[in-house]
Structures are given as C-alpha cells and as structure tokens.
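Here's the structure we're looking at; comments come further down.
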Amino acid sequence: MSADTVRGAAPRRRGPVADGLTMTRRHMAHLARTPEEAALYFALPIMFVLVFGYVFGSGMSVAGGGNYREFLVPGVFAMTMLYGMGSSGSAIAVDARRGVVDRFRSMPIARSALLTGRCTADMLRGVIELLVVLMCGLLVGWTWHRGIGRMLLALLLVLALRLAITWIGIYLGLLVRNEDAVGGIVFPLAFPLTAVSNVFTSPELMPGWLGTVSEWNPLSATVTALRDLFGNPGVGGSGWASDNALLLAILWPAVLTAIFAPLAVRRYKALGR
Amino acid sequence: MAADHAIAAEGLRKRYGDTGGRAALDGFGMTVPFGTVHGLLGPNGAGKTTAVRALATLLRYDAGHAEICGFDVARQPGEVRARIGLTGQYAAVDEQLSGRQNLVMFGTLYGLGRRRARQRADELLAQFGLTDAAGRGAGKYSGGMRRRLDLAASLVRVPRVLFLDEPTTGLDPRSRNQVWDAVRSLVATGTTVLLTTQYLEEADQLADRISVIDAGRVVAEGTADELKARLGGARVEVVVRDAADLPRVADLLARAAGPGGRPEVDRDARRASVPVADHVAALTEVVRALHDAGVTVEDIGTRRPTLDEAFLHLTGHRTQERTDAAGDGAVLAGKGRAA
Ligand SMILES: Nc1ncnc2c1ncn2[C@@H]1O[C@H](COP(=O)(O)OP(=O)(O)O)[C@@H](O)[C@H]1O
Ligand SMILES: [Mg+2]
C-alpha cells in the first residue's frame, strides 16, 4: 500500500462528464478487444444492401420510377440504426447481470455515468455504422443529389433515430437483464417494424390499412425525410405523415427519447431495491 | 466529522419486494471500531449479502439506521461511497477488459489521473500475482484470479472501510492465503474490514470480533475465543479398534481434559471424545497415554464444532437451508479432523 495519494480520505469527484467519458472509453475498449464481433456487426448493413439490393431488389419496383438501390439505401440507414437496439440492450444487460455495476454503484462517481457513457459509446458506434452504410451505398451506385448541406442534415436525422433506439435498447436491457432475452425481443420486434415500413416498399403499394400503419411508422418518417433530403426516388406518399416527414423524423426520435431515457434511468436506479 | 465507529448499524430491516415471505434483515445491528476486522458469520441465506449491500449503499433498507465513518448511509450515500470499498460475493470486474484495463479504469474513476492510475494498477497486479496475466481478458481468468483482481479493484484507492462478502468462497488454498494476506496488510495500514463468511475458521483467522447472523438478525457477538467458549470449544476424539477398550480410553480422556472434563462415549462408532481447553496439549497427552496403555487406535484428532452445531447451540434450531448447511459442515469437518 504505497503513497498517501491512494488513501481514500477526502472524496475527489470528477463530475458526471468526466465519469461518463471514462465509461465511454470503457465501451469503446470492449469494441477494440473483440474485433471479430465488431466486424461481424458492421457487416450487417453491407449484407442488407447486397441481399435486398440485388437478390430481392431485382423483383421490386419503385413507386414513381427510379433505381431500386437508390431507393433502398436510405432504408438501410434506418434499418441499421434499428438493429443497433440489440447491441445497446445486450451490452447493458451483460453489465447489469454481472457484478461490475455493483462496483460502479458503490464508487464515488456520478450515477449517470454508466448510462451516459453507454449512450455516447453507442452514438460513436452509430457514426461508424452510418459510415459503413454510406460507403457501401456509394459502391452500389447510390448517392445524394441535393448538395452536401442537405446530405449532412439527413445524416443527423439518422443519428437522432439512433439516439432514440439506443435508449429503448438500454431500457430493454435493464428490464430483462439477460443478453439472450434482449436478442429474443429485439429481432421479433425489428422484423415487422421494418417490413411494415417504407424501407423496402412504398406504402402506396401495400393494402389499405397496412399502408397507413407503414406511413406512420417512425422508421418511415426518417426514411422518407432521407429520400427527400438525398434526392433519392420513391419519396411518394400523399397522407399527412408523408407530407410532414421531416417534422416527424425529428419529433418521433425526440418523443421516444423523452419517454425511454427517463424510464431507463428509473430502471437503473431501481437496481437497488 | 468525528465518528466513534467505522460502522454503526441499528435495527436494519429489509424485505425484498418480490418475496412476500420473511424479512432478509430483521433488526440487524452492529458496531465496528476503526481499524478492526469484524467477521459476519452465518449460513447461506442468513442475510450477510443483504447486510453488506445495505451498508455499501447498494440496497435501500426499509427501516433502521446505519452510519459509515459517521455518515448516514441513507442520506449521505455519496460521502459513504467516497470512503468504502466492496468486494462482493461475485467478482465485480469488467470481464471484457484485461486485468490492467480494469484497474486503470477504476483508478481513473477514483480520480487518480491516467499516469498514477497506470502506476497503481501495476503495483496491485504485482501484489496479487497477476502481472503475467495483466493483458489477458478478465473473463478468461480462473475463479481465483478473478477474485484477486476484484479485491485489487477494491484497493485501487485504499478505502477507510472495506466490505468483503465471502471473499474466499470457492478459492483454492493458495488464492485464499493471498486474500488473507492482503486483508491483514490492509488492516495494518488502518483500514476497517467487514468480512462475511460461512467458515468459522476464516472468521477465527482474521476477525477481532465476530457477529453470528441468522435469519437477518445477530444472534451472538464476541471475540472468536468468547464465541468458541460458548460453542463448547474443541474436543479430542478417539476411535478405537476394539469397543472393549472404550472405558479405559474414556478414563484417560477425562484425565487429559482435567477437572470437569466429562467424556462422551459412542459404542456403535467405537468413539470416545471430551471437550478440552488447550487442544494441542490435550492431544499430545492423550496420544502418549494411549501408547503407554497399549490401546489400538483407528483414528484420533481434535474436532471443532461445525457451523451447524454452532447454530444449534446458539439459536436452538438447525440452519434453515439444509442443503447449504450440509455443505458448510463438510468444509468445517475437514478442518476439524486434522490433528
Ligand atoms: N434479490 C433478492 N430478491 C428476493 N429475495 C432475496 C434477494 N436476495 C436475497 N434474498 C433472500 O434474502 C435472504 C438473505 O439472503 P442473502 O443476504 O443473500 O444471504 P447470505 O448472503 O447470508 O447467503 C434469503 O432468504 C434470500 O433468499
Ligand atoms: Mg451471500
């Protein structure tokens, strides 16, 4: 036991930001220590583009005409963010189930640090995912047509969606506290959510009520806004939801975050009951 | 803030929400002076972990009052957390990070600064014999290594009060000794330790005072010697080849035990035993006397009461979780057999 600097007499707080960043670094270190897992994970959007763009895409047509892959890539942005719910949720579930959270909670650090650190790390991950989709899209012939400003705005909308999805994932992970169970919830949830959206097909091509559900789907709002901002084909739609896609692409993530972030924080605090 | 005790708890009650049954803590209380080791001894399910988690601010208690270094656990959890360390029953380290990464992270969170945190990590890795495994993922460590890393993590910043919840359960003897050594050297620097254990021997080895806990309540408290005296202390036990020798052996045991020593004889087991004060001296004498008398002995040794017997003695009932208690008995009996 050396030096007095390590003796825990007076508390030395670093504040929630510094603590949160240390947690972020921790999560990024996880990513770096399991490169094979990460590679598999980042291959997901590439697979989406290839499978849906070439295998299924050959039989698909775009409402109002246009190249199907140009139509598809904005959907892949949204879908990739959606599947991030699984990684956010299972990471926090692993933490909550193992004792390491107990240690954090018994230390003189900001209580928020674990969750804000997780969220920041997931957003960084989201940026990497987004870049993977972007590169992959460019390789299969997709591009943006309405200038760099609108393109950047579109990418911000993608990250806004990721933020909401991250908090839903964190909440789920803390709720079930079992990484396998998280997967068991996220995938059955994500599949219909993407199927009944405008990711693969325009809502106009779906039967009546399904088309309406699809139009109001939070994913569809982001995807329509992306198609519009990128200048990709198939923006389509005639309902209120389609006409106000940009507004909804901001509102939906904001509302979902406003609901699920506090729920997650409450759930985290309740670990001590 | 001046405080008389490192730990002071009174009337703690805790009932888990999802179990309508009995309380996990039912009027639990203890006081632990600064710089001492206090053992919390009890069988599985007695409430040890609940007590530790409540005192370490991890669990809200329903009623009662607790202070660590004079700070109210319920109202000043931040002050408490700044002064405690915790090594839980299950290793609380990040299994996806390496041993060194873990310690550096905890050091950083404690505000040591990057450079100092790295330095401290290396010191601790060396102290706990983990230097060679420093770069490996903690998830790939053996149980003993993980527990040592966990303890090291609690010592990144030397705490005023350290909680150790069954720190050696499931460890091999070498790892267990390392943990014990670490606890001793820590106490030498002035840290107060609350140690929970199912092993009488461990409490005996490390603790200045011991509280025996049963069903969420302290049923006995004292030094190890005081408790052992209450438990009936050690016995010398002889198993003979020929049951006909038993009366002679009983006489000889009575003499070795000194005045008031009343031997017990079990004819079916061909066994005679007697409680003794100084078990080493008594055993030596009995061995010599048996040899002089020419009695053929099948087994001889000293035996301490098992935790199970201790419980019967202290609480008047057997431990509630029979399967676990049987496990404890086996562990303790193994120790008792050695002469
Ligand atoms: N999270 C929990 N939810 C419900 N009951 C619990 C929980 N943790 C412990 N218990 C119950 O509380 C009692 C005390 O448990 P615990 O403090 O873990 O005892 P020990 O550490 O001495 O083995 C036991 O009856 C146990 O079943
Ligand atoms: Mg326990």
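Things to note:
- Being touching a helix residue (DSSP H, G or I) at 6+ places or on another chain (Cβ under 9 Å), among the acidic types (Asp, Glu) and on the phi < 0 side of the Ramachandran plot holds for only one residue in B:79, B:95, and it is B:95.
- Set A:134, A:156, A:161: member being crowded, with 21+ Cβ neighbours inside 10 Å and within 26 Å of residue A:250 (Cβ to Cβ): A:161
- Filter result for residue B:217 (over 16 Å from the mean Cα position of the chain (by Cα), at pLDDT below 90 and among the charged types (D, E, K, R)): no
- Breaking point among (1) of a type in the set (A, V, I, L, M, F, W, C); (2) surrounded by fewer than 19 Cβ atoms within 10 Å (Cβ to Cβ); (3) more than 24 Å from residue A:98 (Cα to Cα); (4) modelled with pLDDT of 85 or more, for residue B:212: (2)
- Of all residues in the stretch B:100-122 being charged (D, E, K, R) and in contact with a helix residue (DSSP H, G or I) (Cβ under 8 Å, 6 or more places away or on another chain), the one that is farthest from the other protein chains (Cβ to nearest Cβ): B:118
- Unmet requirement for residue A:29, which otherwise passes all of (1) modelled with pLDDT of 90 or more; (2) away from chain B (no Cβ under 14 Å): (2)
A quick yes/no check of all residues on (1) surrounded by fewer than 22 Cβ atoms within 10 Å (Cβ to Cβ); (2) touching a Lys or Arg at 6+ places or on another chain (Cβ under 7 Å):
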{"residue": "A:33", "(1), (2)": "yes, no"}
{"residue": "A:42", "(1), (2)": "yes, no"}
{"residue": "A:46", "(1), (2)": "yes, no"}
{"residue": "A:60", "(1), (2)": "yes, no"}
{"residue": "A:74", "(1), (2)": "no, yes"}
{"residue": "A:103", "(1), (2)": "no, no"}
{"residue": "A:111", "(1), (2)": "yes, no"}
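- Failed criterion for residue A:2 (all others in (1) touching a helix residue (DSSP H, G or I) at 6+ places or on another chain (Cβ under 9 Å); (2) within 12 Å of chain B (Cβ to nearest Cβ); (3) surrounded by 13 or more Cβ atoms within 10 Å (Cβ to Cβ); (4) at pLDDT below 90 hold): (3)
- Residue satisfying all of: in the stretch B:151-187; farther than 22 Å from residue B:119 by Cα and among the small types (Gly, Ala, Ser); nearest to ligand 1 (Cβ to nearest atom) among these: B:170
- Restricted to the stretch A:57-139, the set of helices (runs of 4 or more DSSP H) holding at least 2 residues that are away from chain B (no Cβ under 14 Å) comprises A:68-97, A:113-139.
- Taken over the stretch B:10-23, the criterion of being modelled with pLDDT of 95 or more, within 14 Å of ligand 1 (Cβ to nearest atom) and of a type in the set (Gly, Ala, Ser) is satisfied by no residue.
- Hey, residue B:250 in contact with a Pro (Cβ under 9 Å, 6 or more places away or on another chain) and away from chain A (no Cβ under 14 Å) or not: yes
- Residue check, residue B:268 in a loop (DSSP other than H, G, I, E, B) and acidic (Asp, Glu): yes
- Beta carbons closer than 7 Å, at least 6 apart along the sequence or on distinct chains, pair a first residue in the stretch A:55-74 that is modelled with pLDDT of 75 or more with a second that is of a type in the set (Lys, Arg) for A:57/A:69; A:74/A:227.
Each row is one residue, and each column tells you yes or no for (1) more than 16 Å from ligand 2 (Cβ to nearest atom); (2) touching a Phe, Trp or Tyr at 6+ places or on another chain (Cβ under 9 Å); (3) at the interface with chain A (Cβ under 9 Å from one of its Cβ atoms); (4) small (Gly, Ala, Ser).
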residue: B:124; (1), (2), (3), (4): yes, no, no, no
residue: B:131; (1), (2), (3), (4): yes, no, no, no
residue: B:151; (1), (2), (3), (4): yes, yes, no, no
residue: B:158; (1), (2), (3), (4): yes, no, yes, no
residue: B:164; (1), (2), (3), (4): no, no, no, no
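- For the stretch B:172-196, the set of residues classified as surrounded by 20 or more Cβ atoms within 10 Å (Cβ to Cβ) and among the aliphatic types (A, V, I, L, M) consists of B:179, B:182, B:183, B:186, B:193, B:194, B:195, listed by residue number.
- Matching residues in the stretch A:26-66 - criterion: being within 21 Å of residue A:91 (Cβ to Cβ) and in contact with a Gly (Cβ under 8 Å, 6 or more places away or on another chain): A:26, A:27, A:33
- The criterion of being more than 9 Å from chain A (Cβ to nearest Cβ), surrounded by fewer than 24 Cβ atoms within 10 Å (Cβ to Cβ) and within 16 Å of ligand 1 (Cβ to nearest atom) holds for residue B:199.
- Qualifying residue in the stretch B:36-54 (condition: within 13 Å of another protein chain (Cβ to nearest Cβ) and either more than 16 Å from ligand 1 (Cβ to nearest atom) or not in a helix (DSSP H, G or I) (or both)): no
- Flag if residue A:258 is within 20 Å of the chain's Cα centre (by Cα), away from chain B (no Cβ under 14 Å) and surrounded by 23 or more Cβ atoms within 10 Å (Cβ to Cβ): no
- Members of the stretch B:58-88 found to be within 16 Å of ligand 1 (Cβ to nearest atom) and within 11 Å of chain A (Cβ to nearest Cβ), listed by number: B:58, B:59, B:60, B:61, B:62, B:86, B:87, B:88
- Residue check: residue B:140 meets all listed conditions (1) away from ligand 1 (no atom under 16 Å from the Cβ); (2) surrounded by fewer than 24 Cβ atoms within 10 Å (Cβ to Cβ); (3) more than 13 Å from every other protein chain (Cβ to nearest Cβ) but one, namely (3).
Results for (1) free of Cβ contacts under 8 Å to residues at least 40 places away in the same chain; (2) away from ligand 2 (no atom under 16 Å from the Cβ); (3) surrounded by fewer than 23 Cβ atoms within 10 Å (Cβ to Cβ), shown as yes or no for each residue.
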site	(1), (2), (3)
B:16	yes, no, yes
B:36	no, yes, yes
B:45	no, no, yes
B:66	no, yes, no
B:71	no, yes, yes
B:80	yes, yes, no
B:86	no, no, no
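- Whichever residue in the stretch B:22-34 is of a type outside the set (Lys, Arg) and either in a loop (DSSP other than H, G, I, E, B) or within 15 Å of the chain's Cα centre (by Cα) (or both) and, among such residues, is farthest from ligand 2 (Cβ to nearest atom): B:34
The values are calculated or read from the model by the stated rules, or taken from the named source; none is laboratory data. Everything numeric in this text was worked out from a predicted model, so none of it was measured. Note that we place each Cβ from the backbone using ideal geometry, even for glycine, and neighbour counts take in every protein chain shown.
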